[in-house]
Structures are given as structure tokens and as C-alpha cells.
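The values are calculated or read from the model by the stated rules, or taken from the named source; none is laboratory data. This structure is a prediction, so every number in the text was calculated from the model and none was measured. Backbone-built Cβ (ideal geometry, glycine too); neighbour counts: all protein chains shown.
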Amino acid sequence: MKVELIAVGKIKPPFTEAEGHYLKMLKPLMPVAVTEVKDDEALGRKVTAARATGGNSPDPGTVVALEAGGRDMTSERWAEWLDQRRHEGRRLTFLIGGPEGIPGEVSGMADHRLSLGPQTMAHQLARVVLLEQLFRASKILAGQKYHL
């Protein structure tokens, strides 16, 4: 399964090291490609283009907006949800907006809306939290210990 994270803005310290750490640990389990876009408009264009053309494949994939009000999940539920997506065999694209979140018109293009919790967090921190949850879910699915 191909997994992509499209995020508004460039990752900056102190989040750079943590993102790199999780991307490295995910690589043998589920490589994740990260695409950074300049602003909300660029995020919308990226999703619109993928929906219109299917990106680099005939399947536009499953688009997931990470936002307040999205579905909350435990780590075990993340693993179940991720396993369902793997069985669908489609590309999986996660969206993280900028400081104001994901614009409504972009959110409306998503197949799923998930939350990383009820608290407000910096959008750069959300990137790290998502990668950590993907790592944890992958370890659960592999039947391995996931506590670091």
C-alpha cells in the first residue's frame, strides 16, 4: 500500500528530528512519502488534481482529512482501520492543513475524516503524531511490541 502525507508548510525544528525518526522506523513496515505544500490553496489543488486524474495511477486512492471533529480512534482501532485500507489495495493519502486546519472545500473531498484527539495541537506536531500512530498500528498488525 502506498501512503502519502500531504501537509501545509515546511517541517521545522524541533519537529524535524521526530518526523525523521518515525519516517525511518516506518520505512520497513509501511514507507510514507511526505509532500509539503505552500498553503491551503496548494493543498486544494493537489487533492483536486489527484481526484481528477488519479495522480500517477488510475485509482485516486483514499483521501483522509485529519481534523477536529473527525473520528477518534484508539491505537488498536487505528490498526484495524489501517488493515481495512490495506485490504482495499488503494493508495492512502493523509491531509494535514496549516494553522487554521483544512479548508472546508478540501475537507469535503476527503473519503474519511479522522482526529488525532480533542485537543488543539500545532499542525507540525500533528505530522509527528500521525506518523507515530501509523508506526504503532503497523507494529500491532505485525504482532510486534510497539512501545519504544
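Laid out as a table, the results:
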{"item": "Residue pairs meeting the criteria (Cβ under 7 Å; at least 6 apart or on separate chains; first surrounded by fewer than 13 Cβ atoms within 10 Å (Cβ to Cβ), in segment 70-82; second not polar (S, T, N, Q))", "result": "Arg71/Arg113; Arg71/Leu114; Asp72/Gly117; Glu76/Ile140"}
{"item": "Test set (1) assigned to a helix (DSSP H, G or I); (2) closer than 26 Å to Ala49 by Cβ - Arg113 fails condition number", "result": "(1)"}
{"item": "Output for segment 101-148, where each listed residue is among the acidic types (Asp, Glu) and out of contact with any strand residue (DSSP E or B) (no Cβ under 6 Å at 6 or more places or on another chain)", "result": "Glu105, Glu132"}
{"item": "Residue in segment 79-96 that is modelled with pLDDT under 95 and within 22 Å of Lys10 (Cα to Cα) present", "result": "yes"}
{"item": "In segment 110-148, residue farthest from Glu80 (Cα to Cα) [restricted to those that are more than 15 Å from the chain's Cα centre (by Cα) and surrounded by 14 or more Cβ atoms within 10 Å (Cβ to Cβ)]", "result": "Tyr146"}
{"item": "Condition check for Thr120: over 16 Å from Ala7 (Cβ atoms) and of a type in the set (Ser, Thr, Tyr)", "result": "yes"}
